[in-house]
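To start, the structure under review is shown below, and the notes come after it.
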Amino acid sequence: MAALTEAGLLATWEAALGQGPVRRALALATAGGAEPATVADLSVGRREEFVLALRERCFGATFSCAVTCPSCEEELELELGLDDVRAAPPPDGENRITAHGFEVEFRPITSRDLLAVRRDLPDARRRLLERCVLSARRRGRKARKVPDEVLDAVAAELSTRDPQADVRLDLDCASCGHEWRSPFDVTAFLWAEMEAYARRLLHEVHALATVYGWSEREVLAVSPARRRCYLEMAGQ
């Protein structure tokens with residue numbers, strides 16, 4: 001897939017601007033190649049794979065990060081690659097478990113599930129997991145209600161069945177030796193980069209349009225290196 005143009009990046013940024021985390025992730029995944037009509041029904045991990053593809057197209061395969069050690073509060077600088085943030089493929093086989101006498105068939109969580117369940121509800125976690133249960137049987141008979149402990153077992157299995165949905169990095173502090181696991185949210189990471197780049201780009205458009213009277217399209221048609229020269233000559 002070709003690299004995203006600056007105009008394309010601005011259009012993607014605008015489409016995701018003002019959206020909540022889930023809808024923003026959907027917009028970015030669509031820009032990364034997911035089908036708009038079905039992206040909400042992809043597992044969260046599969047959605048994140050498309051976001052990861054978009055990030056590579058926009059900013060490359062290296063992730064420059066900063067993280068604070070939870071033990072000594074030292075700020076650490078990290079440089080990660082795609083292999084560090086790309087989870088292994090999910091295991092083959094059906095999504096079934098046997099727990100506490102129940103046989104449960106389930107599916108991974110999707111963006112549609114996340115949109116359907118309000119996070120501020122006291123039973124939001126249970127409602128979300130119940131949506132993922134396709135069937136539950138006990139002693140060969142359909143169960144009317146799945147107990148919390150069985151849903152907990154489903155939740156534990158979900159991270160194995162959709163690993164890209166919950167990427168964790170093994171980190172250690174060079175200063176104090178503390179080791180910990182830290183979540184990595186590729187959507188949040190990409191959005192922060194895209195937000196900074198888009199606003200810097202709009203500033204360049206505004207400055208050059210003010211000085212030279214160019215349209216946005218005309219500014220974006222000029223290469224970044226030449227734009228910097230024009231901005232310097234314009235005293236920006």
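Results for (1) of a type outside the set (D, E, K, R); (2) assigned to a helix (DSSP H, G or I), shown as yes or no for each residue.
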residue	(1), (2)
Cys176	yes, no
Ser182	yes, no
Phe189	yes, yes
Met194	yes, yes
Val205	yes, yes
Val211	yes, yes
Arg228	no, yes
Leu231	yes, yes
*Count, please, the residues in the range 45-57 that happen to be buried (at least 21 other Cβ atoms within 10 Å of the Cβ) and either more than 15 Å from Asp185 (Cβ to Cβ) or β-branched (Val, Ile, Thr) (or both).*
1
*Are there any strands (runs of 3 or more DSSP E) wholly within the range 1-115 with 1 or more residues that are among the polar types (S, T, N, Q), and if so which?*
62-68, 96-99
*asked:* Can you confirm whether Arg217 is of a type outside the set (A, V, I, L, M, F, W, C), touching a residue at least 12 places away in the same chain (Cβ under 8 Å), assigned to a helix (DSSP H, G or I) and outside the structural domain of Phe106 (by TED's automatic domain parsing)?
replied: yes
_Which residue is modelled with the lowest pLDDT, if the candidates are limited to the range 186-236 and must be of a type in the set (Phe, Trp, Tyr) and buried (at least 16 other Cβ atoms within 10 Å of the Cβ)?_
Tyr230
_For the condition part of a loop (DSSP other than H, G, I, E, B), farther than 18 Å from Ala25 by Cβ, under 25 Å from the mean Cα position of the chain (by Cα) and not assigned by TED's automatic domain parsing to the domain that holds Ser64, what is the one hit in Leu129, Leu121, Leu151?_
Leu121
*Among Glu35, Glu105, which is assigned by TED's automatic domain parsing to the domain that holds Asp148 and at pLDDT 95 or above?*
Glu105
*asked:* If the requirement is being surrounded by fewer than 13 Cβ atoms within 10 Å (Cβ to Cβ) and not aromatic (Phe, Trp, Tyr), which of these qualifies: Ala66, Ala11?
replied: Ala66
*Quick one: would you say Glu179 is surrounded by fewer than 15 Cβ atoms within 10 Å (Cβ to Cβ) and at pLDDT 95 or above?*
yes
_Going residue by residue through the range 189-197, is there one that turns out to be over 24 Å from the mean Cα position of the chain (by Cα) and under 30 Å from Glu48 (Cβ atoms)?_
no
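The values are calculated or read from the model by the stated rules, or taken from the named source; none is laboratory data. Nothing here was measured: the structure is a model prediction, and the numbers come from that model. Because the Cβ atoms are built from the backbone with ideal geometry, glycine has one as well, and the counts that use them run over all protein chains shown.
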